[in-house]
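For reference, the structure discussed in these notes is given below.
The values are calculated or read from the model by the stated rules, or taken from the named source; none is laboratory data. As the structure is a prediction and not an experimental result, all values here were calculated from the model. Glycine also receives a Cβ, built like all others from the backbone with ideal geometry; neighbour counts cover every protein chain displayed.
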Amino acid sequence: MNPQDKDLTPQPLDLGAVRKRLEGSQGKAYWRSLDELADTEAFQEFMHKEFPRQAAPLASNVNRRDFVKLLGASLALAGLTSCIRPNPQEQYTSYVRAPEYYLPGVPQFYATAMSLGGYGVGVLAESHAGRPTKLEGNADHPASLGAIDPLVSATVLSLYDPDRSQVVTNRGELSDWGSFASALSDTLSGLDGGAGLRILTETVTSPTLASQIDALLEQYPNARWHRYDPLHRDNVLAGAELAFGEAVDTRYQFENADVILSLGSDFLGIGPGKLAYTKAFSARRRVRTAEDSMNRLWTAEAAPSITGSMADHRLALRPDEIEGLARSLAARLGLSVEAGDLPDHVSQEWFDALAEDLEAHRGSSLVVAGNDQPAIVHAVAHALNAELGNVGETVVYTDPVEVDPVSHSESLAALVDDISAGEVEALVMLGGNPVYTAPADLSFANLLSRVPVSVHLSPYQDETSLRSTWHVPQTHDLEAWSDVRAFDGSASIVQPLIAPFYNGKSAHEVVAALAGDAEASSYDLVRGYWREQFGSDFNSVWPQSVHDGVVAESRFAPRQLSLREDALSDAPIEATEGLQIVFQAEPSIYDGRFSNNGWLQELPNPFTKLTWDNAALMSAATAERLGVRNQDVVTLNYEGNSVEAPVWIQPGQADNVVVAHLGYGREAAGRVGNGQGFNAYALRTSARPWVGGGLELTPTGATYPLSSTQMHHALEEERHIVRHGTLEEFRAHPDHPEFVHPVEHHEYDLYPDYAYESYAWGMVIDMNVCTGCNACVTACQSENNIPIVGKEQVAIGREMHWIRVDAYYGGSVDDPEFYHQPIACMHCEKAPCEPVCPVGATVHDHEGLNVMVYNRCVGTRYCSNNCPYKVRRFNFLQYAELEENALSMVQNPDVTVRSRGVMEKCTYCVQRISKARVTAGNQNRRILDGEVVTACQAACPAEAIVFGDINDSGSEVVQTKASPLNYGILTELNTVPRTSYLSKLRNPHPALASASEGGH
Amino acid sequence: MADSRNRIAETDRVIGPGQTYTTIDDTVNKPILTSILGTPIWWFIAFAFGFLLLMLYLYSVVYLIAVGTGVWGNNVPAAWGFPIINFVWWIGIGHAGTLISAALLLFRQEWRTSINRFAEAMTLFAVVCAGLYPILHLGRPWVFYWLVPYPNTYGLFPQFRSPLDWDLFAISTYASVSLLFWFIGLIPDLATLRDRTENKFGKIAYGIASLGWRGSAKHWQRYQRAYLLLAALSFPLVLSVHSTISLDFATSQVPGWNNTIMPPYFVAGAVFAGFAMVLILAIPLRKAFGLENLITMRHLDNSAKVMLATGLIVVYGYVIEVFIAWYSGTVYEQYMIFNRMFGEDYWWAFWALIFCNAVAIQPLWSKRVRNSPLALFIISMIVSVGMWLERFVIVTVTLTREYLPSSWGVFTATRWDWALYIGSFGLFLTLWFMFIRFLPSIATSEMKELAHIHENDDAKEVTT
């Protein structure tokens, strides 16, 4: 019998499996035959023959773009193996009795919170007919303040990911929750007071989960709770211990800071408080007139970060040099610390200016240390803030938000030791993916197989699930009740917007099952916890808290702390030798948990502009010394482990440092994320999770193609695209700064201008506060149904983002300045795209919008050629999902889904304008200023985007455009763009001012 | 047969010595009137080759329509790629036909007579190849008719400010006038074939196509009048078609496209490329069919002279482009020229085109070169490549680097780009080999007129 015949032989039907499948499905399960139900090979074969299109996703040799496209098609098949709600095949009837105030076609917004790294960010979820389509920031939530970051924005796509795990499995066999619960109770009953039971979680801030785990540990006194988050804050905790003798959280108040020193901290780009910090930071940098003031940011960092790119003075320093700078600074300001010489890359002049600046701003300065900095740097930051009188002004300390904070590295190491010693009988992993993320030296993957019963709750059948005895699908944050605390301790109730798609369970329910109650629902558990907390007020406080998205007055109060006497004297200087490796979270896919999210895979890195991959990043000088070029594959050998990675040169990175972004090189992420990039975790050690010396790098001679959305360009000063100057220069010419208008431009036109009598929409983008964080890009993608195109298509220049953040470098390659310039359609009043379209598919409307008529477009692409800003995007292939499937449910019903062969571009969110027009019309009034908020504007934490009616002299957009810093890009072409820009300003220290004179 | 062909002595007269009405008819019509089995084997091989390429063309078109424009290398910023380059290239080739048949007729250049027929056919076939590209180029080719002003219930009309719409009219006018002109010229010859063929099917086909031509004086008088009128009508098209196409570029605001020199520069380039193609087709044709007495060295020499003259105009265009870029004082224009000449991605294309279009034609100053069919054939080939490269540089290289450095990109052609380009030769060659097999590739009626005028040349030559 040859193998093919064997495949075709019908397998005996397993009725047990059939029953299990029916039990495991919720609601009505539709099936066509018992074979189908059992998902036998014969049925799969039948599927291939009968429905080749639906069966296509099963083929493993489909290329990546097809994978992306077929993501949805696969759901049709998935629908056969487990029941999904809402099932697109079902018949719908309208409400017999509609819920009160429900208007079909009008979305509803619910406040909830999404957790990232264990900390909550408040969101308003937009729901269309019960289907969440978009997440917006929640202005009432302290970690959002109305803004949203790209990662949280994109989680709504993960909700509909057809690759999410859909069923409980036991050693790879299909199972169900009931079997799991009974197996679990059997296991636990065999343990003496829970001896051998271990729980592994990531960072936990959820009060309900914490109280559940507490109760569980009381029930099973011999059980242990371990924690491991790959992006842990161990050094932050250790620094606090060093400085204060106890674990405390540090909260910054950038609104009070005039001078800020960042010691390797990317407080604007990563961390649970980044949106709030960005908001406060940019409020102090917003300059409209010469009377406005700016804070001053000093940064020392190894690799360019969003924070570093905003700096007025930035130094690219090796990690050990950052510590050296911190020690020298502490010594200079009179603290007792062991300090060596000033690092080579820090000039005395720079150092003196910095010290002088900090001392001159006692009480209004701030020193911030990065999460990945060693404990001593944190301790120095605490000591400096105390010395400079900043405590209580620009920095406050609170109880830790994380429940029972421990060192995650030690906690995981202890677990690993116990597994090796054979003491672990049952390991319950609530979230996380330790097989993939654990440090390489712990061999967690191998040890996991020694645990008799291992349970993994996870949204995907990932690397850890595949090696665990049990896998339980985890609910998405939009599917289950929970609660979470924000960076400042404020608690939010997480409310679901949709019933779980794939029979998922939340962590609350799994812990309840451990405690013996497998039937408990998250809703009862969360409500039960808060009923105790709110006491008699519960009936009024609970609905209010759910409605607001935040529990009132739950923010942690500042604490008074005193610095330990010998806070800084305990830490000796450790030398780091050779080439250094720095591990960082990937800005888009985080620790790897968003690997299967196409929006985030295709989101360009803010600096490299790479999509779909990570790379071994190094400075130009280092690459030259090592003899490697972009896309050369090198072997990285570190502490006995090695991986192969492509090289990418990153200007502004410290020499002799290789940055490896974590989160790539996944094997079991799903069809979007599998095999992208290289796995930096394979090099990471538990002793040195962030920085290490002694990296060996050897070129292999091979090359690997990387997809970048932008070639790297130095700023071309003569094109005047990015105009920048210093605050001093602005103050010298407050009405007409030379750097804003370097050339005189006279407008000529043979024709009279068109009069815009009603509204005239316009936008201003303030480059001075734009951090380049990409929040606008993902928000736009979500709002406007923008498809992803895949790595190969990005490589040939076909990405579809309607708004992009252009990166330019100024100054030298080794010490560049960074400029972020968000570019979307400028809605030119005299748009060059319009006269060249032979069918009139792009036209002007009476409010000045340059609109695309998709149905009329024949696809000559002349408009794109004639657009000097190159903001038009063409559907070269069928990028958008046209099939009805899970992914199509994320699409905004107010925006057309485009087919292949048509052009598209930013519309200024015309659907939002229309919505406001309807509302205003119903109330018989004009649209108010601020009533139309574009998706990019809503997301922006820096409030860099202002949109409104330029016919309304009182509107914010008119007032912003009146700033002398306002300019239009390429206005010499007479395009009369409606979007204008505010010039970038820097506020250098007077002693160092010559370094960054203006330009354009 | 081969021996007899080799024995024809080369001449630099417009018609070889000793040509009579009979010899002209015999020479030109012999290959057409032979039976299918008598067709030379090389014809079958050449036709099969062309037909194979035509299948490649059809395959690429089907794949393109099934999958989408994305099968090509086009992107943003280079939204126009091979289809537009090939369109401009083919339409340029088409120019020589009209120039030879209409303009030279009006200027009474009798040397046009023996080459006008096949040059017109070449024009027609090139226009077919060219005309399909703008349609295939569209993102949604099936709605190309939206560019046509026709009454419809949508109440929508084309947007006449767009040069792409002007294109539509320019090409369709050119195609229909060329077809008409070519067909009118064919009528007396078709009648000759009708009278001479012994094949019944041929009699019917040629009979219908010759529209009842009997060769009466009235017929001749009206024929001459119509032919002249059509010539007068087509002459402006020589200038207008490529001028209009150049406006696709000139009316934009893309640096490197928005030059006022574009129309004359494009017309000169088109004639240049067209004559190169005439030579590429004429040199093998006269050898294969033994037409050396009708397509003489004089014709080759004159074509080469036109090629040299128009080539020099094109070179002048290159010089002016560089000068204007510098003179404009605009950084975008200056960078555009710098990028064409020294840009990291495409500098080779610019220097290759300079070699092909400026350097390779210089030997044409020498009469010896102009009298060597082999040399002319090679130079013409080089010029054809050069003109393709010129369009590549103008269309695509220009687009890759425009105003915003952040949006600069690279264009890389895919195999489907090449398949559709190479396949279009199949379309051309299939039509061409059908033409030379079934229709007279030389206008016999006009040649007879010429033979009549020159019947005393032999005597004159003896006396001088």
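Which of the residues that make up the range A:495-513 are farther than 17 Å from A:G431 by Cα and either within 23 Å of the chain's Cα centre (by Cα) or of a type in the set (D, E, K, R) (or both)?
A:Q495, A:P496, A:L497, A:I498 - these are the residues of the range A:495-513 that are farther than 17 Å from A:G431 by Cα and either within 23 Å of the chain's Cα centre (by Cα) or of a type in the set (D, E, K, R) (or both).
If you take the residues in the range A:956-978 that are among the charged types (D, E, K, R) and not in a loop (DSSP other than H, G, I, E, B), which one is modelled with the lowest pLDDT?
Restricting to residues being among the charged types (D, E, K, R) and not in a loop (DSSP other than H, G, I, E, B), the top hit is A:E972.
Based on what the data block shows, is A:V582 assigned to a strand (DSSP E or B) and either surrounded by fewer than 23 Cβ atoms within 10 Å (Cβ to Cβ) or touching a residue at least 40 places away in the same chain (Cβ under 8 Å) (or both)?
It is true that A:V582 is assigned to a strand (DSSP E or B) and either surrounded by fewer than 23 Cβ atoms within 10 Å (Cβ to Cβ) or touching a residue at least 40 places away in the same chain (Cβ under 8 Å) (or both).
I need the full set of residues from the range B:124-171 which are of a type in the set (S, T, N, Q) and modelled with pLDDT of 90 or more, in order please.
Within the range B:124-171, B:Q159, B:S162 qualify.
Among the residues of the range A:339-358, which ones are charged (D, E, K, R) and within 36 Å of the chain's Cα centre (by Cα)?
Answer for the range A:339-358, where residues must be charged (D, E, K, R) and within 36 Å of the chain's Cα centre (by Cα): A:D344, A:D357.
Can you name the condition, by its number, that A:E972 falls short on among (1) within 26 Å of A:K274 (Cβ to Cβ); (2) surrounded by fewer than 19 Cβ atoms within 10 Å (Cβ to Cβ)?
A:E972 satisfies all of (1) within 26 Å of A:K274 (Cβ to Cβ); (2) surrounded by fewer than 19 Cβ atoms within 10 Å (Cβ to Cβ) except (1).
Specify which of the listed residues (A:Y819, A:Y854) is under 22 Å from B:R401 (Cα atoms), more than 7 Å from chain B (Cβ to nearest Cβ) and surrounded by fewer than 24 Cβ atoms within 10 Å (Cβ to Cβ). Reasoning before the result, please.
Numbers: A:Y854 fails: under 22 Å from B:R401 (Cα atoms).
Step by step, each of A:Y819, A:Y854 is checked, and only A:Y819 is under 22 Å from B:R401 (Cα atoms), more than 7 Å from chain B (Cβ to nearest Cβ) and surrounded by fewer than 24 Cβ atoms within 10 Å (Cβ to Cβ).
Would a scan of the range A:554-571 turn up a residue that is under 21 Å from the mean Cα position of the chain (by Cα), outside any loop (DSSP other than H, G, I, E, B) and in contact (Cβ under 8 Å) with a residue 24 or more places away in the chain? Walk me through it before giving the result.
Of the range A:554-571, the ones under 21 Å from the mean Cα position of the chain (by Cα) are none.
No, the range A:554-571 contains no residue that is under 21 Å from the mean Cα position of the chain (by Cα), outside any loop (DSSP other than H, G, I, E, B) and in contact (Cβ under 8 Å) with a residue 24 or more places away in the chain.
Is there a residue in the range A:327-339 that is among the β-branched types (V, I, T) and either closer than 21 Å to A:C770 by Cα or modelled with pLDDT of 90 or more (or both)?
No, that holds for no residue.
From the list A:E931, A:E883, which one is touching a residue at least 12 places away in the same chain (Cβ under 8 Å), charged (D, E, K, R) and touching a Ser or Thr at 6+ places or on another chain (Cβ under 9 Å)?
A:E931
Search the range A:773-799 for residues being within 12 Å of chain B (Cβ to nearest Cβ) and either among the charged types (D, E, K, R) or under 29 Å from A:S282 (Cα atoms) (or both), and hand back the single one that is surrounded by the most Cβ atoms within 10 Å (Cβ to Cβ).
Selected residue: A:E799.
Just to verify a result, which residue in the range A:798-822, among those that are in a loop (DSSP other than H, G, I, E, B) and at pLDDT below 90, is nearest to A:S309 (Cα to Cα)? Even if it seems obvious, please write down each step before you answer.
To start, the set of residues in the range A:798-822 that are in a loop (DSSP other than H, G, I, E, B) comprises A:798-803, A:812-815.
Imposing the further condition that a residue be at pLDDT below 90 reduces the set to A:812-815.
On the way: A:S812: 14, A:V813: 14, A:D814: 14, A:D815: 11 Å.
For the range A:798-822, the residue satisfying everything is A:D815.
Can you pull out every residue in the range B:247-258 that is of a type in the set (S, T, N, Q) and either over 19 Å from B:A78 (Cβ atoms) or at the interface with chain A (Cβ under 9 Å from one of its Cβ atoms) (or both)?
Answer for the range B:247-258, where residues must be of a type in the set (S, T, N, Q) and either over 19 Å from B:A78 (Cβ atoms) or at the interface with chain A (Cβ under 9 Å from one of its Cβ atoms) (or both): B:T251, B:S252, B:Q253.
Name every residue in the range A:871-892 that is surrounded by fewer than 23 Cβ atoms within 10 Å (Cβ to Cβ) and at the interface with chain B (Cβ under 7 Å from one of its Cβ atoms), in order of residue number.
A:L877, A:Q878
Identify all residues within the range A:893-908 that are part of a loop (DSSP other than H, G, I, E, B) and either within 14 Å of another protein chain (Cβ to nearest Cβ) or in contact with a Cys (Cβ under 7 Å, 6 or more places away or on another chain) (or both); write none if there are none.
Initially, the range A:893-908 is screened for residues part of a loop (DSSP other than H, G, I, E, B), giving A:893-902, A:905-908.
Within the range A:893-908, A:R898, A:S899, A:R900, A:G901, A:V902, A:K905, A:C906 meet the criteria.
Please specify each residue of the range B:377-407 satisfying the condition of being buried (at least 21 other Cβ atoms within 10 Å of the Cβ), touching a helix residue (DSSP H, G or I) at 6+ places or on another chain (Cβ under 9 Å) and facing chain A (nearest Cβ under 7 Å).
B:L399, B:E402, B:Y403, B:L404
From (1) under 19 Å from A:S899 (Cβ atoms); (2) part of a strand (DSSP E or B); (3) facing chain B (nearest Cβ under 10 Å), pick out the condition that doesn't hold for A:G859.
That leaves (2) as the condition not met.
Does at least one position in the range B:159-173 carry a residue that is among the β-branched types (V, I, T), closer than 25 Å to B:W89 by Cβ and more than 14 Å from chain A (Cβ to nearest Cβ)?
Checked the range B:159-173: at least one residue is among the β-branched types (V, I, T), closer than 25 Å to B:W89 by Cβ and more than 14 Å from chain A (Cβ to nearest Cβ).
Considering only the range B:125-158, state which residues are under 23 Å from B:L54 (Cα atoms), surrounded by fewer than 22 Cβ atoms within 10 Å (Cβ to Cβ) and away from every other protein chain (no Cβ under 14 Å).
B:V128, B:G131, B:L132
Inside the range A:931-955, can you point out the residues that are loosely packed, with under 15 Cβ neighbours inside 10 Å and either under 30 Å from the mean Cα position of the chain (by Cα) or not in a loop (DSSP other than H, G, I, E, B) (or both)?
The answer is none; no residue qualifies.
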